[in-house]
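The values are calculated or read from the model by the stated rules, or taken from the named source; none is laboratory data. All of these numbers come straight from a predicted model, not from anything done at the bench. Neighbour counts are summed over all protein chains in view; Cβ atoms, including those assigned to glycine, are modelled from backbone coordinates with ideal geometry.
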Amino acid sequence: MAMVAQYSSLSRPTRPLCSVCIANYNGVALLADCLDSVLAQSGDLEFEIIVHDDASTDGSVAWLRERYPQIELLASKENVGFCVSNNRMVEYARGEFVLLLNNDAALFPDALATLRRCADQQTPKGILTLPQYNWQTGELVDRGCLLDPFCNPVPNLDAARVDVAMVPGAGLWIPRAAWNELGGFPEWIESIGEDLFLCCQARLRGLPVQTTRESGYRHWQGKSFGGNKLQDGQLQSTFRRRRLSERNKTAVLFVTTPGPLMWPLLALHLTAMAMEGLLVSMINSDVRIWKEIYWPAITLPLREFGILRTRRGQLQSTRRGGLRIYLQPVVFLPQKILLLLRHGMPKIR
C-alpha cells in the first residue's frame, strides 16, 4: 500500500468475522454517526473497523486518531478515489466478510447480526445488503435494486423479494474470498457504478446478490459525493456525477451483458442517450451538458472498443449461468422514462 500511512489499533482482533470498511473524504461532519452506529452493534459478532481517508483537507485524520483510537486508519497521502480506497481496505482487512459502508450511512443496531444470519443461509455465499432508509425522512429507499435493460437501477420495494440485481455500495456485504475472486472494484470506473459492475460480475459467476428482509441502515444519499437526490420535486445532479454515471453504465452494459443480446441493447442505449442528451441540454440551455456528459459516453464504445472487447472477453469466459438466469432481476420498462414522468427533466449543476 504505497503512499498510505497506517495507524493500527492495539486491540485489533486477529480473526474478526467481519471487517467494516469506511471510505472517507472530507467527511468529518458525518463520521461520528457512522462510526458510533457500528460500535453500538448488538450481538457477540467480532468485527474490526477500517477507515481509509482519501487525503482529506478537513482534519479528518487528526480527528479520527484522537476520537476513535480503536479503529484501523489508512491515511492516503494523495486522493485516489472511491474504488482504490475500498480495494486498499479489503486488502488490509482480516475478516471472513467485509461490509463496505459509506461515511454518510449509519447502521441499525442489529445490522451486522442480521447480515451474519442471512450469510449463513446463502449457498454459495455471495453479496448481501440491508434495506436502505432515507436519513432525513426515515422512508424506505430500496431493498437492493433491480435493473432495466440499460443498467439503470430500479429500487426494489418488495419485502418478499430477496434476490436482486445489484446492491448499493453504501452498504455492501461480501465474503472477502469472493471479493478477491471477483477482483474488487475496477479502478477504471473511478466512482459511480463500481457496485453495479461488481454485482453483475457476481451474478455472471453464479453468486447470489440478495437483500435481508430485516434491519437496515440510514443513508444521506448524495451527501458524500453530490447529486442523486430530489429537491423541490426535481432530480438534482452534478456534472461529474452524471458524466461518470453515463460513461460507466455504458461500459458495464458492453462488458457484462451476456450473449449477442448486448449489441441491440447497446444500439438502443446509445440512441436513447443521444436523444436524452440533446433534450436535457436544450432544456437546461447548457451545451456543456452534451459536450461533457453525453457525447463522451455515446462515443465510448468506439473510442475504447478494443479495451472494452478485451474486458468483455475476460469476464464472459468465466460465466457460469445462462442468459435467462442473468435476466431474472431485470425489468423491461426503462427507469429513466418513469423518472421523467414523475419528476421531469433533471437539473444538472
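Numbers below:
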read-out	value
Scope segment 260-298; condition closer than 14 Å to ARG247 by Cβ and either exposed (fewer than 13 other Cβ atoms within 10 Å of the Cβ) or outside the structural domain of GLU246 (by TED's automatic domain parsing) (or both); matching residues	LYS291
Helices (runs of 4 or more DSSP H) contained in segment 16-94 and holding at least 1 residues touching a Leu at 6+ places or on another chain (Cβ under 9 Å), surrounded by fewer than 17 Cβ atoms within 10 Å (Cβ to Cβ) and of a type in the set (D, E, K, R)	60-67
